[in-house]
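Student: Structure incoming, see below.
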Amino acid sequence: PLRELRLSRETEYYHSVICAGPRLVVNGVVRVYPHSEGFNDKSLFRRARRSALGVTRTNKLLMVTTNRPVYLSKLAKIMQQLGAVEAVNLDGGSSTALYFKGRVLSHPLRKLTNLIVVYELPAKFARIKPLLAPSPVVATNGSRS
C-alpha cells in the first residue's frame, strides 16, 4: 500500500517513491484539503482534466484519468467509488495522459517529460529500461584534443 515516507532509524526499502498531491482519499475516506498540504496553485481549485493514483484494500493499483474537466472533490469521489483506500492527485490539465495495452485512452495536449510506467513482469521492464531513460550526454567545450 501507499505509505508516507518517514525518516527513522528503521530502514524500509521502497521500489519507487512519488511526490504528488494533494491527497484525495485517506483510509477510505474522501479527504481533499490542498491548502493544509501546502498546495496553492489556482488550477487545483477549478475544473480540469485530472490524473490520479490509488491503491485498493487488496493492494491493486488504480491509475485514473478524466477526459472531462472535474474538480478535485469529484476525482476523490471517483477514486473512492473505484475502491481506493488511498489516492493522490497527479499533474493534470494538458499533462493528462493514459496509455494502456497498446491504446492511448487519454491524449496529452503537450509533450511529456515525466511518466509513470508499470510493468507486470520485472523481466519485461529490464528489457525496455534502456529505452526509457535518456542517454547520458557528455558536455564538451568544442575543442578536440
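The values are calculated or read from the model by the stated rules, or taken from the named source; none is laboratory data. Note that the structure is predicted; figures quoted are calculated from it, not measured. Don't worry about glycine lacking a Cβ; one is built from the backbone with ideal geometry, like all the others, and counts go over all protein chains shown. We work out accessible area using only protein heavy atoms, side chains counted, and drop any ligands, DNA or RNA first. Shrake-Rupley method; radii C 1.70, N 1.55, O 1.52, S 1.80 Å.
Student: Does at least one position in the stretch 47-70 carry a residue that is surrounded by 12 or more Cβ atoms within 10 Å (Cβ to Cβ), in a helix (DSSP H, G or I) and of a type outside the set (A, V, I, L, M)?
Tutor: no
Student: Which members of the stretch 18-31 meet the condition of being over 13 Å from Leu90 (Cα atoms) and in a loop (DSSP other than H, G, I, E, B)?
Tutor: Within the stretch 18-31, Asn27, Gly28, Arg31 meet the criteria.
Student: Just name the residue that is nearest to Val64 (Cα to Cα) out of those in the stretch 96-118 that are of a type outside the set (D, E, K, R) and assigned to a strand (DSSP E or B).
Tutor: Of everything passing the filter in the stretch 96-118, Leu98 is nearest to Val64 (Cα to Cα).
Student: Between Gly92, Gly38, Gly54, which is over 24 Å from His107 (Cα atoms) and not basic (Lys, Arg)?
Tutor: Just a single option satisfies the conditions, and that option is Gly38.
Student: With (1) open to solvent by 50 Å² or more (accessible area, probe 1.4 Å); (2) of a type outside the set (Ser, Thr, Tyr); (3) on the phi > 0 side of the Ramachandran plot; (4) at pLDDT 80 or above as the list, and Val118 as the residue in question, which single condition is left unmet?
Tutor: Among (1) open to solvent by 50 Å² or more (accessible area, probe 1.4 Å); (2) of a type outside the set (Ser, Thr, Tyr); (3) on the phi > 0 side of the Ramachandran plot; (4) at pLDDT 80 or above, Val118 violates only (3).
Student: Of everything in the stretch 71-82, what is out of contact with any Lys or Arg (no Cβ under 7 Å at 6 or more places or on another chain) and not in a helix (DSSP H, G or I)? Give them in sequence order.
Tutor: Applying the first criterion (out of contact with any Lys or Arg (no Cβ under 7 Å at 6 or more places or on another chain)) to the stretch 71-82 yields 72-74, 76-82.
Correct list: Leu82 only.
Student: Give the residues of the stretch 32-42 that are more than 22 Å from Ile116 (Cα to Cα), open to solvent by 40 Å² or more (accessible area, probe 1.4 Å) and either of a type outside the set (D, E, K, R) or in a loop (DSSP other than H, G, I, E, B) (or both), sorted by residue number.
Tutor: Listed by number, the residues that qualify are Tyr33, His35, Ser36, Gly38, Asn40, Asp41.
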